[in-house]
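S.K.: One structure, as C-alpha cells, below. Some questions next.
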Amino acid sequence: MMASPISCSSRHSPDELPGDPSSQEDEDCDYEDRVSYSGSYSSASSDYDEVEPEWLDSVQKNGELFYLELSEDEEESLLPETPTVNHVRFSENEIIIEEDDYKEGKKYEPKLKRFTKILKTKSLLPKRYNKKNRNDNELVSILKHQSNQKTGVVVQQRYKDVNVYVNPKKLTVTKAKEQLKLLEVLVGIIHQSKWSWKKSGKQGSGERLVVHGLLPGGSAMKSGQILIGDVLLAVNDVDVTSENIERVLSCIPGPMQQEILYHCPVSDASQKLKSVRGIFLTLCDMLENVTGTQVTSSSLLLNGKQIHVAYWKESDKLLLIGLPAEEVPLPQLRNMIGDVAQTLKFMYGSLDSAFCQVENVPRLDHFFSLFFQRALQPAKLHSSASPSARQYDASSAVLLDGLPGVRWLTLPQEIKMELDTALSDLEAADFAELSEDYYDMRRLYTILGSSLFYKGYLICSHLPKDDLIDIAVYCRHYGLLPLAAKQRIGQLVIWREVFPRHHLQPSADSNTEVFQEPEGRYFLLIVGLKYYMLCVLLEAGGCASKAVGNPGPDCIYVDQVKTTLQQLEGIDCHINERLTSSPSPCLSCADWFLTGSHEKLDNLTTSPILSRLPGTSKVATSPTCRRILFGDYSLKTRKPSPSRSSGGSDNGCEGGEGVGLSPHTIPNALWKQRESQGSDGSEESGALLKVTKKKATLPNPFHLGNLKKDLSEKELEIYNTMKLTSGPENTLFHYVALETVQGIFITPTHEEVAQLSGSIHPQLIKNFHQCCLSIRAVFQQTLVEEKKKALNRGDHSGSTNSISSLNPVKEYGVLFECSPEKWTDQRKAPPVMAYWVVGRLFLHPKLQELYVCFHDSVTEIAIEMAFKLFFGLTL
Amino acid sequence: MGEEGTKGTVHLLCLAASSGVPLFCRSSRGGAPARQQLPFSVIGSLNGVHMFGQNLEVQLSSARTEDTTVVWKSFHDSITLIVLSSEEGTSELRLERLLQMVFGAMVLLVGLEELTNIRNVERLKKELRASYRLIDSFLGDSELIGDLTQCVDCVVPPEGTLLQEALSGFAEAAATAFGSLVVSGRVVAATESWWRLGTPEAVLLPWLVGSLPPQAARDYPVYLPHGSPTVPHRLLTLTLLPGLELCLLCGPRPPLSQLDPQLLDRWWQPVLDPLRACVPLGPRALPAGFPLHMDILGLLLLHLELKRCLFTVEPSADQEPGSPEEKVEDAAQRSQVPRACYLVSGPEGPGTGWRLVALQSGPRRLLLLSAQSPTHALRGLATHTLHALTPLL
C-alpha cells in the first residue's frame, strides 16, 4: 500500500447535486456494504422484550457496530452545513431494500437511481474522479479504490456491492481451448442467454445478466455473496448487459501490477510512487541482505518535494506509507506507521488479514482516509473546540499522537475511588442477567477490564497497559477522543472483534504453572454518553462460553455499560472542576516574560546571557547561579531572594556531583509537600524556610515531619497548587510526562492552556512539541540500543564495553530564543525571551519520559521536576 | 555477510552515472580502511534503484535500516556517489557532507572536466587512484573534523603574530598571495588570500597535505573545486620541521627550485622557536598552558563566518565526542532560534556518563564534552570557556 502526499479528495458522483441531502446520506453509509442484521441479536436473554435499542439496525453482518448519535445541539449546529465529522457514520439511513423490492416496476426506479449513484461514488476507475468535482468537502466521503488486479464486480441483488477477485491471467491459460465466455472464465458467473431470452422476452439494448449458475471454484462463488438469481448490473461502475459484458471484462487490466494488494489514495503523486515501487521492493530486499536489519525508511524527491517513505515488513508483505517531509517529520512518520500496523493488527489480527481480504477494502479506504487527514490536516479534525484549543491540539498532535500512552487526568482520591468502584462493579458482571446463576448457563463474555474516558482524558483504567494502549490507539485513530471533548455524543455504541496482542501472543513461558491465556476471542465494546466514554474488553471462550460466528453486540452488556455511565453522571461536575483547576503544576504564559508587563523579570529577559558573552562577567546574569553549583563561573546574582537561597541550595543534585555542596536527599513526600507549600508563601512555608536556612545543607527531618502533620489536613489545597519550577517566579511554560509502564501521560489540559492565551505562547507550544519529537527520536534510539545491550548481556556476559560510546542519551536540552513576530517599533530591538526545552529519559526504576519547557531565568534540574511530576501518578 | 561484522562499516561507492560502471569503492571498518567490499551485485542494485528512480523523475536520496544509513548523491549528472554506513550515531547530514567532500576531493585531484565528460573510463579510474588516500581519510577516524563542520581545522599557535608576519613576507617573496602553515592537517597561520579560499578547497587543501606521505618538498597540481575547477593550480609544499609544512598555492610561476634554502632561511630561521612550539600542537589545537577547565574532555569551537574551527579531544583520544554537530542544527526554526543545547548520555549513576553542551553566540558555536560537571553547571562551564576562547578565534 502506498500513500501519497496529496490528501484524499472526495468522491461525489458527477451527476449528484451538491446540496442533495439524500445523497449525503448515501455517502455517509456507503463505505461498507451492509446487510440488514437481525439474526445475531443473541444474548442470554432471548426473551428480552423491551424496546429494541436504536442501534440494532446498524449492526453489520460481521457483527461490527459503529453507532453514533450526536447530541441534539450538535445535530442542530450541523444542519446548515454538511457535517465535517468525517469519522462519524450515520446509521439511521440504511440502504436496505426488503425482499419485495426485488422486482421491476416504477416504484423501483428511484431506488435504482440511487443505487447507481452509490455505485458511481464508489467507482473503481480512478481517472474519472480526478477530473470531476474534486470538491472541498473532502472530509465526508470515504475513499474507495482498489488496485487494478482485483476488479470489483458489482452484482445486484438487493443492490449488493460485491468485490470479486478477477485475474485476467487466467485467460492465457484457457485461451488455447475454445473461446470461453469471459464472464465465466474471469468471474465465474454462468449466464445462459438463450434460456433467459425465452423467459424474459426481448429487451432493447441487450438483456439483463441474470446469474444462472456459479462456476465451482470461481471468484463469484468464493465471494459467497453472489447467488443464483442475482442480476449483474454494473462492473467497475459501467452498466453492463449481455451485449457489452464481454467487452467490459476484456478491458480489465492485466496482471502486471499483481504485487500491490492495496493502494490509497489515488493522486498523481501516489501514482508516481506506485510507478517506482521497484525502488522500495529492491531496497527492502537488498538492504536486508546486506545489513541484516530491516529497512525502516527512505527519502526521495518528487516534483521538488521531499517525501519520506516508512516501511513496515511483516511476513512476506510490505506496508509502505509516504508523506511529505515538510508536513510530517521522519520520526513522526515512523511512529505513525507503527501505530497503523498496531491498529490494523488490533482490528484484524494481522496485516495479512487486513489487506488480503477483499471485503476489507472499503474499510481500509476509510481507515486510511482518516489516517491522511490526521497526518496532513490535524487542525480540521478538531473542528469542535475553540480556536485556541484547536491550535493546541494541532500543534501537540505531532508529539502526543505518537506517545505510547493515554492522556491521563489525575483526580482526587475520593472521586477516583468512586470511579474505581463503578468500574469494578461492572467488571464483576455479577448482577441480574449477567450473573451465571440467573439463567444457569455460562455467561457469554468475561469482562477483562475497562477504561473510562472523560472528554478525551483517561480517568480510570482497569486494563493491562498493552490493552489500554491498543484501545487508545484505536480510539485516537477513529477520532473518538476529541469527539467527547465537547458534548457531542448523544449515544455511541461500538462493537467489534479485536485481537489484543497482550492476550494473543503465545506465552514465552512453557511452564504450566504460569497463567496461560485461553484460546478465546476478544471483543471491544465502547459506549459513549455525553462526555463519558467507557471502553470494555470482553473475552469469549475461557471462562465464558465460546463465541460462534460473528456475534453482534449483546444488549445486556451494552445496557450494563450504559448504566454504569449513567451512574457516573453525578460526579462530572467534580471532574470538570479538576479540568479547569488541574492539580498538575501551574503554568506561566510566555508573553508575560517578554514585555515589560512582568517587571521583575525585565532584567533577566531583555539581556539573555548568551548574547552578551564577550566581556560579560560584570553584568548580572540570570539567577541561575543561585544554586551555587556554578562553582567555577560564579557570577554574582543580582539579588538572591531568600526563598531561592534556601529552597535551591538544598535540592539534591544529580548523584552528588555538585560543586561546593554536600547533597542529600529528602524523603520524597516531604520534599514535594514542602515545595508546594513553599510556593504558597503561607506561614508554614516561612517557618520551613527559616529552618532550612539555619541548617543550610541539612534540614532537620524532624521539623519536616512535624510540618507534614500540620499539612496533612491541607493536603487537598497543596495538591491544587503545585509549582514545578524552583525560584520565586513560576517559570514553567509547558510539560509532557510519560509513564510508560502504566501507559499514561500527563500534559496541561485544554482549559489550562486556554487560560494563558498570549501571542508568543502558542508558537512556543508548537515549537516545544516539535523539538520534543526530535528529542524523543534520540531517546527511542537509546532504548533500541539498551535493548540490544541487554540481549548481548544475556548471550555473553561481560562483553559490553560501551565506554567509548556516547550512548545512551538520557537527557537533552535545547535553549531557544524567541521574539514577537510583529515588532513595529523601529528604534528598539524586539525583546527576546529565552526558554529551555528539556527532555529526560529515565530507564530506572521504570521507564519514564519527561519533557518540560521553562524560562531561562532559572536553571532547572530535570530530575527534580520529573520527581515532582511523576509523584503520585498512578492509574 | 549480514549477521555480523557490518558494525561500524562504511562503504563508499563511486559510479559513472550514465553507464553505471563503478569507478572505485572504498571501505572502512572500525575507523580503519578495510578491504572488505560489497559484492558487485549489491553495488549494481544500489546504483540501479537510484537510476531507476531518476528515469521516472523520482530522486532517491536516502534510506535507513535499523542500523545502517544509505545516502545517494549525483554530481553534475555524471558521477554518482553512494555511501552506506553502519557506524553508530551516523546521521544523514554527516553522510551528505561526506559525499560533498569526496566529490570535492575528486575534483581537487583530477579536475571537473574529467569527471563531467568521461571519455575513457579506464583512464579516469587510474587517475582517481590518486585521491584514495584523501578519501580514505574521510571514511576513517580522523582527528580532524572539517569534513563535517565544513570549517577549516585550525590550531592556535603561541606566537601567532610572528608566524603570520614571516608567512606574509615569504609569500610575497615567492610572488604568491596564497600561503599557509600546516601542522598535521591543521592550519597554523595563513595569508589573507588563503583564508578567502572557498569551501571545500579551504578544508581540502590542509587535509590533503596532512594525508600525503611525508616529503621534503612537493609540487602538486590541484584543481580548486570552488574557485577553479577546470584550470589546475600548483600546490607547493615545503617541510619546515617534521610535521610542519609550508604551503603555497600558485600559478605556473614560481618554479619550486626558486624557493631555495636561502630564501627559506631568511624568513623562517628567526622564528624557529615559535615554529618548534607549533609541532606538538596538532591534536591539542590550543597553546600549552591555556586555561581550560579540568572537566572538559573535548572541545569544538566553530566560527561560522570565518569558517574556521578548533577541535580537540586532548586528554585521551579514545573519548572522541563523535559528531554532535548535527544535533545542534536539527531543531532550527525561524521565529524560535535555538541558542544552546545539551545532552546527557552514558550509563546512569553518579559520576558516570558524558555531558555534551553546545552554545551559540554570534558567529561562534562551542561544543564541549564533559564527564563530571552536573547538568545545570554545563551552561556556565560552556559560557565561561567560550568567553575565554573568544580572543583566539
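S.K.: I need A:S369, B:S91 ordered by Cβ neighbour count within 10 Å, fewest first.
M.R.: Working: A:S369 26, B:S91 19.
Ordered by Cβ neighbours within 10 Å, fewest first: B:S91, A:S369.
S.K.: What trypsin sites (Lys or Arg not before Pro) in the range A:296-353 are in a loop by DSSP, with at most 15 other Cβ atoms within 10 Å of the Cβ?
M.R.: Values: sites: A:K305, A:K313, A:K317, A:R334, A:K345; in loops: none.
Qualifying residues, ordered by number: none.
S.K.: In addition: How much length is gained on full extension from A:C543 to A:R501, taking 0.36 nm per residue of separation minus their Cα-Cα distance? Intermediate results must be reported in sequence, preceding the final value.
M.R.: Numbers: separation 42, 0.36 × 42 = 15.12 nm, distance 1.94 nm.
Working it through step by step, the gained length comes to 13.2 nm.
S.K.: Can you pull the mean other chain C-beta count within 10 Å for peptide A:292-304? Please list the in-between numbers first.
M.R.: Values: counts 12, 8, 3, 6, 6, 4, 9, 9, 9, 6, 5, 3, 1.
Taking all residues of A:292-304 together, the mean is 6.
S.K.: For the cross-link pairs A:K416/A:K562; A:K181/A:K222; A:K222/A:K345; A:K305/A:K810; A:K788/B:K307; A:K274/B:K73, which exceed 28 Å when the distance is taken from alpha carbon to alpha carbon?
M.R.: On the way: A:K416/A:K562 19 Å; A:K181/A:K222 19 Å; A:K222/A:K345 24 Å; A:K305/A:K810 34 Å; A:K788/B:K307 39 Å; A:K274/B:K73 22 Å.
Pairs exceeding 28 Å: A:K305/A:K810; A:K788/B:K307.
S.K.: Here is a further query. Quickly rank B:104-112, B:44-52 as a protection proxy: mean count of other C-beta atoms within 10 Å, highest first.
M.R.: Details: B:104-112: 24.8, B:44-52: 20.1.
In descending order of packing, they fall as B:104-112, B:44-52.
S.K.: Skipping prolines and chain starts, which residues have an amide H placed within reach, meaning under 5 Å, of the one on A:G449, given they are 5 or more residues away or on another chain?
M.R.: It is A:L537, by chain and number.
S.K.: Follow-up question, since we're still on this one. Mean Kyte-Doolittle of at least -1.0 plus a Cα span of 18 Å or more along the axis: flag which DSSP H helices in chain B meet both, please. Kindly include the intermediate steps, with their values, before the conclusion.
M.R.: On the way: long enough: B:40-55 (22 Å, 0.48); B:92-110 (27 Å, 1.26); B:160-173 (20 Å, 0.49).
Within chain B the helices that satisfy the rule are B:40-55, B:92-110, B:160-173.
S.K.: Quick one: which residues, 5 or more positions from A:I190 or on another chain, have an amide H under 5 Å from its amide H? H modelled 1.01 Å from N in the peptide plane, none for Pro or chain starts.
M.R.: Placed amide hydrogens put A:H212, A:G213, A:L214, A:L215 under 5 Å from A:I190.
S.K.: Follow-up. Starting from the Cα gyration tensor of chain B, multiply each eigenvalue by 5, take the square root, and state the resulting semi-axes largest first in whole Å.
M.R.: Values: eigenvalues 223, 196, 61 Å².
Equivalent ellipsoid of chain B: 33, 31, 17 Å, largest first.
S.K.: What list of ³J(HN,Hα) values in whole Hz, one per residue of the range A:564-574 in order, does the Karplus curve 6.51 cos²θ - 1.76 cosθ + 1.60 (θ = phi - 60°) give from phi, with Gly and Pro shown as x?
M.R.: Listing the rounded values in order: 4, 5, 5, 4, 7, 4, x, 9, 6, 5, 5 Hz.
S.K.: Stokes-Einstein diffusion coefficient for the range B:152-283 at 25 °C in a medium of 0.890 mPa s, Rh from the Kirkwood formula over Cα pairs: what value in µm²/s? Intermediate results must be reported in sequence, preceding the final value.
M.R.: Details: Rh = 14.5 Å.
Result for D is 169 µm²/s.
S.K.: Would you grab the residues whose amide H sits under 5 Å from the one on B:D141? Only those 5+ places off in sequence or on another chain, please, with H modelled 1.01 Å from N.
M.R.: Result for B:D141 returns B:G31, B:A32.
S.K.: Using Cβ counts within 10 Å as a stand-in for footprinting exposure, how do A:K822, A:K272, A:K546 rank, fewest first?
M.R.: Details: A:K822 6, A:K272 19, A:K546 13.
Result, fewest neighbours first: A:K822, A:K546, A:K272.
S.K.: Let me check I have the definition right: for the range B:177-242, take the eigenvalues of the Cα gyration tensor, multiply each by 5, take square roots. What are those semi-axes in whole Å, largest first?
M.R.: On the way: eigenvalues 69, 38, 22 Å².
After diagonalising the Cα gyration tensor, the semi-axes are 19, 14, 10 Å.
S.K.: For chain B, which cysteines have no disulfide-compatible partner, meaning no other cysteine Cβ under 4.7 Å?
M.R.: When partners are defined as cysteine Cβ atoms under 4.7 Å apart, chain B leaves B:C14, B:C25, B:C154, B:C247, B:C250, B:C278, B:C341 without one.
S.K.: Same structure again: Using the Kirkwood radius built from alpha carbon pairs, what does the Stokes-Einstein equation give as D for the range A:295-381 at 37 °C and 0.692 mPa s, in µm² per second? Numbers along the way, then the final one.
M.R.: Numbers: Rh = 13.7 Å.
For these conditions, the coefficient is 240 µm²/s.
S.K.: On to the next question. Through the Karplus equation 6.51 cos²θ - 1.76 cosθ + 1.60, θ set to phi - 60°, convert the phi angles of the range A:330-336 into ³J(HN,Hα) values in whole Hz; use x for Gly and Pro.
M.R.: Calculated HN-Hα couplings, in order: 4, x, 5, 4, 5, 5, 5 Hz.
S.K.: So if I take the centroid of the Cα atoms in the range A:812-875 and the same for the range B:184-213, what is the distance between those two points in Å?
M.R.: Comparing the Cα centres of the range A:812-875 and the range B:184-213, I get a distance of 41 Å.
S.K.: What order do you get for B:S211, B:S86 when you list them from fewest to most C-beta neighbours inside 10 Å? Walk me through the intermediate numbers first.
M.R.: Details: B:S211 20, B:S86 23.
Ordered by Cβ neighbours within 10 Å, fewest first: B:S211, B:S86.
S.K.: May I pose another question? Calculate the all-directions average of the projected area of the range B:9-141's alpha-carbon convex hull, and give it in nm². Show your work: numbers first, answer last.
M.R.: Values: hull surface 30.2 nm².
Mean shadow area of the hull around the Cα atoms is 7.5 nm².
No value in this document is a laboratory result; all are computed from the given coordinates. Keep in mind it's a predicted model, so treat the numbers as computed, not measured. Glycine gets a Cβ as well: all are built from the backbone with ideal geometry, and neighbour counts include every protein chain shown.
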